[in-house]
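First the structure, in the form of structure tokens, and then the observations on it.
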Amino acid sequence: MVFAIKRVYEAASADDGFRVLVDRLWPRGVSRERAELDRWDKEVAPSPELRTAWHHQLEDFAHFAAQYRHELDAGTAGAELLELGREHPRVTLLFGARDERVNHAAVLLDWLAAHGAEVEQPA
């Protein structure tokens, strides 16, 4: 199993494998057809409270990342995503954030790696 991340605004590719949107909100301007999703996993995204605090920049990224990791450790969504990875040779986690490095999907990818998943870091 290999996990990777990619902006949902980028074109789908056969190399993506199983495509999972990991945002709680649907990305603006993307149709369901264009997204070519296999799954929309809202539960693995940061909680609405944490997402709101981050988007209003009430916390720095390091604090946000620590809080999000805590949410992943406390819930079952991260473990369920790991299990999904065992069912597919490649899982691409899709996100809508503009910044390709400073976003919740990058934190999620690191969390998956810390829990035994093979990950492909963004270029």
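The values are calculated or read from the model by the stated rules, or taken from the named source; none is laboratory data. Everything quoted here is computed from the prediction, not taken from an experiment. Every residue, glycine as well, gets a Cβ built from its backbone with ideal geometry; the counts of neighbours run over all protein chains shown. These area figures cover heavy atoms from the full protein model, side chains too; ligands, DNA and RNA do not enter into them. Shrake-Rupley method; radii C 1.70, N 1.55, O 1.52, S 1.80 Å.
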With the full set of protein chains in place, find how many percent of the accessible area of the chain is carbon and sulfur; take the probe as 1.4 Å.
-> 49
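When Lys and Arg each count +1 and Asp and Glu each count -1, what net charge do the other residues less than 12 Å away from VAL20, Cβ to Cβ, add up to?
-3
Of the trypsin sites (Lys or Arg not before Pro) in region 1-107, which ones lie in a loop per DSSP and count no more than 14 other C-beta atoms within 10 Å?
ARG28, ARG98, ARG101
Can you classify region 1-62 as rounded, prolate or oblate using the Cα gyration tensor, where a ≥ b ≥ c are the square roots of its eigenvalues, rounded means a/c under 1.5, and otherwise it's prolate if a/b beats b/c and oblate if not?
Since a/c reaches 1.5 and a/b is larger than b/c, the shape of region 1-62 is classed as prolate.
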Rounded to whole Å², per residue accessible area for region 1-108 with a 1.4 Å probe reads 55
What percent does the relative contact order of the chain come to when contacts are Cα pairs within less than 8 Å and at least six residues apart?
-> 46
